[in-house]
Structures are given as C-alpha cells and as structure tokens.
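The values are calculated or read from the model by the stated rules, or taken from the named source; none is laboratory data. Because the structure is a prediction, the values reported are computed rather than measured. Methodologically, a virtual Cβ is constructed for each residue, glycine included, from the backbone with ideal geometry; neighbour enumeration extends over all protein chains shown. Remember, those area values only see protein heavy atoms, side chains included, never the ligands or the DNA or RNA. Shrake-Rupley method; radii C 1.70, N 1.55, O 1.52, S 1.80 Å.
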Amino acid sequence: MLANVKMDQDTDMGGAEHRFPVTRHSAIIAARSADQEVRERAFATIIEGYWKPAYKYIRIKWQVTNEDAKDLTQGFFATAIEKNYFAGYDPVKASFQTFIRTCLDGFVANQKKSDQRLKRGGGAAHFSLDFSEAENELSLQLVSQATPEEYFRREWVRSLFALAIEALRLHYAEKETSVYFKLFELYDLGEDTEPRTSYAALATEFGLTTSDVTNYLAAARRAFRKIVLGKLREITATEEEFHNEARALLGVEIT
C-alpha cells in the first residue's frame, strides 16, 4: 500500500505551485548538541527514520539471515550512538543517506571480517524495533534490478511515508475526525490493481456530500504534506538536501 501513495496532480499531493513553511529542525544537526537530552531525542528520530531501510538493505545486499540482520541493525545504531558517528558527517562530501549507508556497509563488513556476530542483549543498547513488520514487507516485495544504493533510497522513502501516514492517522484520531483519514486511506492509498473509488461512492458510504468528500480529502492531503515535510526536515542534514528531497518527493518549493 505505501508504495502506491499517489503523487500526481489530480490528487493535489504536490505540484510546483505549492509552497510550505517548515519550522522543524534537523535531528542530524541536533545529534551534535552538547545537551544530552537533545542528543538522545535526535538519535531516536534518526533511528526511527533509518532503521527499517538499514535492516532491509542488510538482508538484501549482504544476504544474511533475518536474525543476523536484526543483530547487525541493532549493533550498528548502538555503535553509531556510542562512537557518535553522526558528528563526523560532512554534508559537502555526500548526502546523509549516502553517509549512513556507507557507515552501515563498513560496520557490516567489519563484523563479517572479524566474525563477531552481535548477540541480542549482549550489553549494547537495545532498541524497540518491529523487525517482524519489516521482514513481512521484505517478503512481499518483488526482487527488482535496482542497485543496492537505489534499493536503500527506495526503502528510505517507503519508511518516510509510512511514518507520515501513521502520524496522520493519529492526528485525526486525536481530533476525533478519523473520517478524514479514512477517506484519504481509501482514495489515495488504494492498491493500483483496484479501480479507484469515486467521490460519489465515498460520499454514499460515509453519509457525506460529494462536496464534503472533496473538502475533507483536500484537508487531509495538506495535513499529510505538512507531516511529510516535517519528518523530512528532521532526517536531512542541510537546507539543500531538504529542498532537493521535498522537490523530488512532493514537487514542492519550500519558502
């Protein structure tokens, strides 16, 4: 489902005419803070955005079992925090995606070379990560001809949108207006193999007018864009990277 988030103009998900102010700060920069609490929050945000693509990338590129991939993923982020990998990131040399993937390759290569399989609970930090969900997503994906680099980016995008969709669901649940999310889910997140339902059919199903459906979907899309941009801001390191990704993923220009 996540791979099918509609980005075309007729769903109003983006477009060059849309401009959005974004005020969140980069967790990658915050990870260098002298304040421990700020660093810990930043590390949590980075892990949230990158652990799932890292796990899948390890499984695909390094051809390891799911148990080894779990251990390596946990070990990588524990080591990254302990040794403060992120403080050494230079945005002039590469994007943060490239940096973290390169660090990941180096970590896995060193582990395999020294034959030090990281046992769960072996004294390192342990993060609460839903590996079963990641493994299920992996098993449902068709093996493509993508390079490892392309695969990592694709899964990073998938993870970003998954987090944004869940945040959107919670946003409307807290406001007790979940109908907005249900309409968005049914119309914009439907499978490509299924005919897209009409606004009129949705109006009948939810006891709304067609005008209501139009307005609710427009509001949900605006909220979704805002959430995506906020999360994107947190897991990119520079203004240039953030603007480039916003343009590539949503077709928006940030003011």
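Restricting to segment 234-255, count the residues that are among the polar types (S, T, N, Q) and buried (at least 17 other Cβ atoms within 10 Å of the Cβ).
Residues in segment 234-255 being among the polar types (S, T, N, Q) and buried (at least 17 other Cβ atoms within 10 Å of the Cβ): 1 in total.
So in segment 69-83, with the set limited to residues that are part of a helix (DSSP H, G or I) and charged (D, E, K, R), which one is most open to solvent (accessible area, probe 1.4 Å)?
Glu82
Going by what's in this entry, would Ile235 be described as closer than 28 Å to Ile60 by Cβ and not aromatic (Phe, Trp, Tyr)?
yes
When both residues are 6+ apart or on different chains and their Cβ atoms are under 6 Å apart, which pairs have a first residue that lies in segment 95-108 and is closer than 17 Å to Ile29 by Cβ, and a second that is of a type in the set (A, V, I, L, M)?
So the pair list comes out as Phe96/Ile28; Phe96/Ala237.
Yes or no: Glu48 of a type in the set (Asp, Glu) and touching a residue at least 60 places away in the same chain (Cβ under 8 Å)?
yes
Among the residues of segment 84-115, count how many are crowded, with 18+ Cβ neighbours inside 10 Å, out of contact with any Ser or Thr (no Cβ under 7 Å at 6 or more places or on another chain) and in a helix (DSSP H, G or I).
10
Which condition number in (1) under 30 Å from Ala94 (Cα atoms); (2) open to solvent by 70 Å² or more (accessible area, probe 1.4 Å); (3) modelled with pLDDT of 95 or more is the one that Leu142 fails?
Failed condition: (3).
Could you check, for segment 66-78, whether at least one of its residues is at pLDDT below 95, out of contact with any strand residue (DSSP E or B) (no Cβ under 8 Å at 6 or more places or on another chain) and of a type in the set (Ser, Thr, Tyr)?
No, the conditions are met nowhere in segment 66-78.
Within the bounds of segment 151-173, is there any residue that is over 26 Å from Phe43 (Cβ atoms), surrounded by fewer than 15 Cβ atoms within 10 Å (Cβ to Cβ) and modelled with pLDDT of 95 or more?
For segment 151-173, residues over 26 Å from Phe43 (Cβ atoms), surrounded by fewer than 15 Cβ atoms within 10 Å (Cβ to Cβ) and modelled with pLDDT of 95 or more: present.
Considering only segment 189-232, how many residues are modelled with pLDDT under 95, open to solvent by less than 60 Å² (accessible area, probe 1.4 Å) and within 20 Å of Phe161 (Cβ to Cβ)?
2
Residue check, Glu48 against (1) buried (at least 21 other Cβ atoms within 10 Å of the Cβ); (2) at pLDDT 95 or above, all met but one. Which one?
(1)
Does any residue in segment 203-221 that is free of Cβ contacts under 8 Å to residues at least 24 places away in the same chain and part of a helix (DSSP H, G or I) come within less than 8 Å, Cβ to Cβ, of a residue that is among the β-branched types (Val, Ile, Thr) and open to solvent by 50 Å² or more (accessible area, probe 1.4 Å) six or more places away or on a different chain, and which pairs are these?
Cβ pairs passing all conditions: Ala203/Thr209; Ala203/Thr210.
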